[in-house]
Amino acid sequence: MAEILVVAEHRQQKLADVSLQILSKGRQLADKAGIELIAVVIGADVSGYAEELARWADKVLAVKIDTPGESLAEPCQKILSSIIKDRKPKLVLIGHSSFGMDLAPSLAVELDAPLATDCIDISMQNDSIVVTRSIYNGKVNAVYSFVPCEIVIVTGRIGEFASEESDRKGEIEKIDFRLEEDLGYKVFEGYIEQEVGGVDITQADVLVSVGRGLKDKENIEMAEELARALGGIVACSRPVVDSGWLPAEHQVGLSGKTVKPKLYLALGISGAFQHTVGLKGSEMIVVINKDARAPIFSVADYGIVDDIFKVVPALTQKIIELKG
Amino acid sequence: MDIVVCIKRIPDTADVVGIDASKKDIEKDSLAFKINDWDDYALEAAVQLKEKQGGSITAVTVGPKEWDDILRRALAMGADKAIRVDQDMVTADCYAVAKVLDALIRDLSYNLVLFGAQSEDFGCSQLGVMVAEMLGIPHAALAVSLQVADGRIHVSRELEAGMLESYTIELPALLTIQTGINRPRYISLGGIKRAMSKELQVMSLSDLGLSLDTLAPMVRLEKLELPPRGKEAELISGSPEETADQLARILQNSGIF
Amino acid sequence: MALAEYKYKDILHRCFRCGYCKFPTNWIDVNNCPAYARFRMESYSCGGRLWLTRAWLNGEIDWTDHLAQIMYSCTACKNCEEKCPLRFNVDIVDMIRATKSEMVERGLIPSVVKEFLENIQRQGNPYGKARAKRGEWIGGTGIPQYEGQEFLYYVGCVGSYDTRAQETARTLGKVLIKAGLPFGVLGSEENCDGNEVNTLGEETLFEMLAEENIQKFRDLGVTKIVTLSPHSYNTMKNDYPRFDGSFEVRHYTQLLRDLITQGKLNFSGGLNARVTYHDPCFLGRWNGEYDTPRQILNSIPGIELIEMEKNKTGALCCGGGGGNFYTDFLAGSESSPARIRAREAYATGASILAVACPNCMTMLEDAVKAEGLEGELAVKDISEIVAEVCGLA
Amino acid sequence: MDNVKKALAEIVGEDHVSAEPEELYIYSYDLGTTEPHRPDYAVAPRTTEEVQGIVKLANKEKIPVVPLGGGLSLAGLAVPLRGGIALDLKRMDTIIEVNEKARYALVECGVSQAQMCSYLERYHPTLTHSEPGAPGPATIGGNVAIHGQGDLAQPYGFSSDMINGLEIVLPTGEVCRFGSCSISAGWFTLHPLPDLGLFLGWSGTTGIITKVSLRLFPCKRIRGTGQFVVEDEELVPEVMHKLTHTQMAEDIIAYSQAIPPFTSGLHHITINIGGDSEEELEFKQKLLWDDTLGEYIRRGDGGFLGFRRGLDRPVVAKTSDWRKGGGFEYVGAIMPVDTYPECYRRGREISERHDIPYTVLGRCIGMSHAMMFSWTYAFNRADPESIRQAREALHESDDLALELGGTLWKPGLYGQKLVMERMDSNTLELMKKVKQLLDPNGIMNPGNWEVA
């Protein structure tokens, strides 16, 4: 049936931002194609979410299941494959989140449907779907189409689609789902919050952020000196945490924190999308990197193409002088 | 503890400069190739498990002859055996590659299958979970820590905003590994030479009862294009002293200090 | 652990850790082991490294990042071999190299060293830049490609990729052209010479680099090589013969001295300046070449050559050896060896600090800036000084 | 990072404090046979103020502080017996002032012997200091702290007799100055103010020496060493007595060693002399060789092995490599000169009993007022049995020195116990009171000189 189906995800009493973002995109596509937008939300108590989703979707399927852990991929896959086989939506939209990565590929196999992930644009011309993906670490975009088929599954990149307000009053259908299959083989044991040391980078006005270009743990001192001069604290990108140079609480980006400082000063960071998505809200972004083609320059207000080991010591010195 | 690790060979994205005339591929002449970063972490995780619990590691890939170098590297790191399905499927979609790997792994004896969470070139992060579905074994994507104990594996998985979620999964199972789970060791050229004696088996699609026409991609590449220029950053130029001086004044004028 | 397989297992314990190795030949300070000068902790002295090697290999301590960093902060400058009073002193730097290769073979090395070696495995240079770009330094200088000329001018990774060192590489090329020397360069066909890879302990990678270079030189009919860097000069002169690659290898200062004395390179002017010269370790202590660079400087009218207190066998290393120009284990403080050396050069009252090595060039030029001496002390390669007085600059 | 380490880093900077296993391993050993003891921190201060900060922190946290210069005492005095802070003072290596007229050098404690020699040779060629012949990295502060002796011991005594002034950080963190420097800017004399000499010979258990004003002495233009050898050890005391009577010599040493074999059993007497002119040199040689030693040479009891110009500061570290073992340790005792024969004979027995080639040496202190006699035992660092043998021989030498009526110089724990057992109780009691007065929290190099 000509409709677009959006899978919503939620965690700890809150709908995920990405779900609202792809819902808005779904609404846009559905209106353009003149077809309906269906949202599905699965969990132990989903009534609150259903009301919220109904502001975008023409119809919300609120599926109640009684397994621990709201987003366990296995039960969701079973439920979604049966709904999709039944409704045969033209396009299934899921967020390219940790939940999406765990779910979408196994759903595609179950439905023998084509899957395009982490898309930065989705379009439908009469019922052929075209998507755009960012590949080679953001250096090249690729446009894909699909062989003619009933169902296409697409996951959308977090933070790529703007979530517009909408106050539609969609219809809500409650579905009770009893899982016959025993899930003993995979037991959810709860969430773990990253232990927060003394530092909360989300509160700082000034963040001096370091990336792989820092080359070694010893050089963090250089960034700390600059941070002290600016009254800020040191943050970092993922490779710095992976190499054990700074604890995870300093990490900005998708799997770390989202920050909105007055100044985000990026040193030796190439700017993978998973990092830039966490800093886009900064008032001023300054980038120092010796690779002029580093993707992060495309989100910067000011940039210096030079070696951080030459510029940063001089910058710290200059700031101390100017502060007098 | 028998582990299968699937690895991929990719161009060093730092060198990627442009798109070739066909608009369907990048310029490949001056590129250097290496093992996909995520797969290096998956291999290291497998070797550390083997060092603790014993057992065997088989490294597998699907690709042409030049891909033997990443298998040799895996053997030097600690894999006992390597298998390459001799078929260039770089332009195929993940679904097709998953079918090949499913057919290959199905006949191997394994308790655990490890994939990298995604690849540096296309970054689909689909392959591992697809293969798990085809093999009919439980999976968890984006694993950042794992311990094995009496037939089960305790995994914690990375979510957004610094959150993790943890599971206990019965073996056999499939995990896709996120970077940062460990610190992959350096593989010396001497190590690679010493591992030359280890077995590297090459198979064809037909050995797996497959043929190219059953593997036609359902997702088709239309074209490649350069991303639109983002916000035009104001570049400050000059010697390190000059740029530092200008930047310091800009920051002062905008009230940062 | 494997003390049994360690190459120097039966002499390693003979280090008394008396501390002579920290001193220059004239004993005036305790700063001549660059790593010790930087951290001033006993573990960072040469004796400390030997004791820690023995402790690690017989299981008294475990491998840690810090242990690896202590080993890799050795710049292989051979001051210890110059000063150690005991009979095994000629092997000391190789004893520490052997410790590094124990770590390399176990894959247990600092991440920045792993990066250095993997970049060379992949791209033939430690910076990881594309091989195709290795010839870009030539620019429009007209420096010819090598097609069988009498001399191969071998540039090396730092000269090929580091912006400041590229200028030196170009200048030397121009001087050789002016002297009418028949020579050519390999440009993007040139590969890493392996000297640093050897001092970092990656023995098999070094063997591969050496054998491939020797094969390439033989195929091209190379017999005489002139190198920009003392690092290349050292490995081609002392190690390549082990892989039966015997060529007539010269550091460029040795060639320029001959060209000057043969009248093939005469100066159109002089240079009125007080100059002090920094002995690069791979020219000086490794190969005993102290005089040739000084002969060149003394042959230039107007130059007043002033020696630093610590010179020749007692020179303080710039801290760039053993891969440290890239790994930077000794950076980040006023007691970084390069900054100590910059102060020593300035103290002579000289206005020019002459160097003969691209690594020294980048290390000392950064140090002069960090010391705020940029206006008063210029770091110049000897080829640049010669070019100036030949009216080429 | 624990708060003590954080506090230390705030005092000396992150680069100069470590609690890493590598630093703790290295600072747990000295170069001799003493069993290692791990410190909790290794710290390298640069200034007196930093030392004060560290000591005050140690008092607050009740952590031991073990000061060391070159750490070359070989008697385990720099081994942190109770853990705590290994305080490496070698960064305090500034030569502050050399006063030509009053012939003294004001130096920070961490200035090394080699640096001092090189500096004086270069900038003050008419001055020299009493160089102990220890390896170059040994420090001035460390040498005076243990009542060391150098190559001017015969004419001018112990290095600790050559002190014009001291700056000390007390165990409770205050800075004290002793000598003229405490009331004026000049560091030209230690006496005659009320004597508070409570910091030498205590192995750092009563405070940390941070500055030393060291007396310097005239350095003649030509300096050299004459070698005289006798077979009969009984002759050595009288030869020394006669030589010191001339008051023409500088360093006078008698040594005997098993290696090289042709010298075994012989007693070499080296006599350093100096002269500004050839005449002065010849005059001294005539007094020493003809008038004093002539009779022995004529009787065939002794031989003159020539005179060599230039003081080749002995590279004693070579001894460590005799048995390719990388180590040696010696007991040094201050003995009456006439005990030389007995010290030599009984010393050889100890060496032979432990299968170690004997090496003994007697350095004359003053006009045969006393001598520093050392029994040296090389060992193989890779062979625990040879270390054990050496350790036993050292303890037997400690016993021997006391048995022969001498006293131990810079004794390790074993020797300290022997000395304290024999010391008269009132002096011992006074030592205890001084220690408690100066170091109420007992943080300074605990374990050493601990009066029960």
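Plainly put, chain B has a radius of gyration that is 1.06 times its Kirkwood radius, both from alpha-carbon atoms, as the Rg/Rh ratio. Within the stretch A:201-323, the proportion of Cα pairs with more than 21 Å between them is 28 percent.
The angle separating the long axis of helix B:240-253 from the principal Cα axis of greatest extent in chain B is about 70 degrees. Taking the Cα centre of each part, how many Å lie between the stretch A:222-242 and the stretch D:1-62? Measuring centre to centre over Cα atoms gives 27 Å.
Using a Gaussian network model of chain A in which every pair of alpha carbons under 10 angstrom is joined by a spring, one finds that among A:312, A:206, A:187 the greatest mean-square fluctuation is at A:187. Straight-distance candidates among the lysines for linking to residue D:101, with alpha-carbon spacing under 18 Å and chain neighbours fewer than 8 residues away dropped: D:220. In chain C, a dipole from Cβ-located charges (positive for Lys and Arg, negative for Asp and Glu) runs towards its positive end, and of C:357, C:124, C:192 it is C:357 whose Cα lies farthest in that direction.
From most to least packed by mean Cβ count within 10 Å, the peptides C:320-326, D:400-406, B:214-220, D:81-87 give C:320-326, D:81-87, D:400-406, B:214-220. If you take the alpha carbon atoms of chain C and fit the smallest convex hull around them, that volume is 127 Å³ per residue. Given a Förster distance of 51 Å, report the FRET efficiency between residue C:347 and residue B:29 from their Cβ-Cβ distance, rounded to the nearest 0.05. Efficiency for this residue pair is about 0.50.
Here the Debye sum runs over all C-alpha atoms of the stretch A:3-46 as equal scatterers in vacuum, and log10 of I(q)/I(0) at q = 0.31 Å⁻¹ comes out as -1.06. If I build a Gaussian network model for chain B, linking alpha-carbon pairs within less than 10 angstrom, which residue out of B:232, B:66, B:242 has the largest mean-square fluctuation? For chain B, modelled as a Gaussian network with Cα springs under 10 Å, the answer is B:242. Helix D:113-123 and the long axis of chain D differ in direction by around 70°, with both axes built from C-alpha atoms.
Only helices enter the 222 nm calculation for chain D: every DSSP H run of n ≥ 4 contributes -39,500 (n - 2.57), and dividing by all residues gives -9000 deg cm²/dmol, rounded to 500.
Three semi-axes describe the equivalent ellipsoid of the protein assembly as shown; taken as square roots of 5 times the Cα gyration tensor eigenvalues and ordered largest first, they are 69, 37, 30 Å.
Taking one quarter of the surface of the C-alpha convex hull of the stretch D:222-309 gives a mean projected area of 5.4 nm².
Take every pair of alpha-carbon atoms less than 8 Å apart whose residues are at least six positions apart; their mean separation over the length of chain D yields a relative contact order of 16 percent. Against the empirical 2.2 N^0.38 Å scaling, what ratio does the C-alpha Rg of the stretch D:14-99 come to? The stretch D:14-99 yields a ratio of 1.10. The length gained by stretching the chain between residue A:164 and residue A:85 to full extension, at 0.36 nm per residue less their Cα-Cα distance, is 25.5 nm. Shown is the FRET efficiency for residue D:407 and residue D:123, computed with R0 = 25 Å from the Cβ-Cβ distance and rounded to the nearest 0.05: 0.05.
Taking a Cβ cut-off of under 9 Å around residue B:31, the surrounding Lys, Arg, Asp and Glu residues balance to a net charge of -3, with basic ones at +1 and acidic ones at -1. Summarising the overall dimensions of the stretch D:91-218 from its C-alpha atoms, the Rg and Dmax are 13.4, 40 angstrom. Restriction of the trypsin sites (Lys or Arg not before Pro) in the stretch A:228-282 to DSSP coil positions whose beta-carbon has at most 13 other beta-carbons within 10 angstrom yields A:280. Measuring gaps between exposed loop sites in chain A (GluC sites (Glu not before Pro); DSSP loop; at most 15 other Cβ atoms within 10 Å), the longest gap, sites not included, is A:1-149. Charge tally for residue A:24 (other residues, Cβ to Cβ under 10 Å; Lys, Arg +1; Asp, Glu -1): 0.
Each label was represented as a point 7 Å from its Cα along the Cα-to-Cβ direction; for residue D:369 and residue D:238 these points are 2.6 nm apart.
Note on residue D:19 and residue C:177: the model spin-label points, each 7 Å out from Cα along the C-beta direction, lie 6.2 nm apart.
For the stretch C:43-70 versus the stretch B:105-151, the inter-centroid distance based on Cα atoms is 39 Å. Per-residue shielding of C:19-27, expressed as the average number of other chain Cβ atoms within 10 Å of the residue Cβ, stands at 6. Rounded to the nearest whole angstrom, the semi-axes of the ellipsoid equivalent to the stretch D:307-445, taken from the Cα gyration tensor as √(5λ), stand at 29, 20, 17, largest first.
Here each label is just a point 7 Å from Cα along the line to Cβ, and for residue D:422 and residue A:17 those points are 8.2 nm apart.
On the basis of the beta-carbon distance and an R0 of 45 Å, residue C:290 and residue D:388 show a calculated FRET efficiency of 0.40. Mind telling me which of C:200, C:305, C:176 comes out most flexible in a GNM of chain C, alpha-carbon contacts under 10 Å? So, out of C:200, C:305, C:176, the one fluctuating most is C:305. Applying the Kirkwood pairwise sum to the alpha-carbon positions of chain D produces a hydrodynamic radius of 22.8 angstrom.
Taking GluC sites (Glu not before Pro) across the stretch D:36-109, the ones in a DSSP loop with at most 16 further Cβ atoms lying within 10 angstrom of their Cβ are D:100.
Inter-chain Cβ neighbour count for A:91-98, averaged per residue, equals 2 (cutoff 10 Å, partner chain atoms only).
Across every direction, the projection of the convex hull enclosing the Cα atoms of the stretch C:1-91 has a mean area of 5.7 nm².
Calculated translational diffusion coefficient of the stretch C:118-259 (25 °C, 0.890 mPa s; Stokes-Einstein with Kirkwood radius over alpha-carbon pairs) equals 164 µm²/s. Hydrodynamic estimate: the Kirkwood radius of chain A over Cα pairs, inserted into Stokes-Einstein at 10 °C and 1.306 mPa s, corresponds to D of 73 µm²/s.
The numbers here are math on the coordinates, done by the rules we state, and not lab data. Quick caveat: nothing in here was measured; it's all calculated off a predicted structure. Please note: Cβ atoms are built from the backbone with ideal geometry, for glycine as well, and neighbour counts cover all protein chains shown.
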